[in-house]
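The values are calculated or read from the model by the stated rules, or taken from the named source; none is laboratory data. Predicted, not measured: the structure shown is a model, and the values here were computed from it. Cβ placement follows ideal geometry from the backbone for every residue including glycine, while neighbour counts extend to all protein chains displayed. Note: accessible area is taken over every heavy atom of the protein model, side chains too, but ligands, DNA and RNA are not part of it. Shrake-Rupley method; radii C 1.70, N 1.55, O 1.52, S 1.80 Å.
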Amino acid sequence: KARPIPTRTFSELADYWLEHRASRKKNGSHDKSIIESSLRPFFGHLTLEELTLERVDAFRRLRCPNERDFSVSLKERRRRGVVSPKTLHNHLTLLISMLTMAVDLGWVKSRPTIKKPKLPKAAFSYLRTADDIQKFLLAAKKEKRGIFELYYTALYTGMRAGELLGLQWSAVD
């Protein structure tokens, strides 16, 4: 005989996630920010069984009324209190992961099949040729000390901004 699944709220799931998952991530504060500013205010009072696709769709409409409109400026989105399609994508990615964990924990039998918004592929239209790179680096040499080294390292190592900013001379061979 199968044991009944105890009723859990999204808020309990959020607490569990923050303690057991976000705390182990490199940047768990990002998850905490999304949970506390967006997910918990909308879903926190619901039981996990009440977190249906219809509720997720309502969340989508509230947070990003026009998912396909990539032209709205950041200033205008803030004025309206909405997020960009990319931000909505990030929030839904976290929500999906959290609900998958709830299934794995046995807190709920299944999760809704949530589709994330389609994002346009960013066109990479700069620094395409060796000549472009040389012009860029020559311009960087004319800037203040350290700028050329920063851009040179970024271009030839593929390091991200956070990795570059955290780089210490003692780590350079």
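Checked against (1) surrounded by 15 or more Cβ atoms within 10 Å (Cβ to Cβ); (2) over 30 Å from Pro6 (Cβ atoms); (3) at pLDDT 90 or above, Ala139 passes all but condition (1).
None of Leu99, Leu94, Leu88 is in contact (Cβ under 8 Å) with a residue 40 or more places away in the chain, surrounded by 15 or more Cβ atoms within 10 Å (Cβ to Cβ) and touching a Lys or Arg at 6+ places or on another chain (Cβ under 6 Å) except Leu99.
The residue list Ile133, Ile114 contains one member that is under 25 Å from Asn27 (Cβ atoms) and either in contact with a helix residue (DSSP H, G or I) (Cβ under 9 Å, 6 or more places away or on another chain) or of a type outside the set (Lys, Arg) (or both), which is Ile114. So is Leu127 at positive phi and in contact with a helix residue (DSSP H, G or I) (Cβ under 8 Å, 6 or more places away or on another chain) or not? Yes: the conditions hold for Leu127. If you go through the stretch 144-173 and keep only what is under 22 Å from the mean Cα position of the chain (by Cα), surrounded by fewer than 10 Cβ atoms within 10 Å (Cβ to Cβ) and assigned to a helix (DSSP H, G or I), you end up with Ala161, Leu165. The single residue among Pro120, Pro112 that is open to solvent by less than 50 Å² (accessible area, probe 1.4 Å), part of a loop (DSSP other than H, G, I, E, B) and not β-branched (Val, Ile, Thr) turns out to be Pro112.
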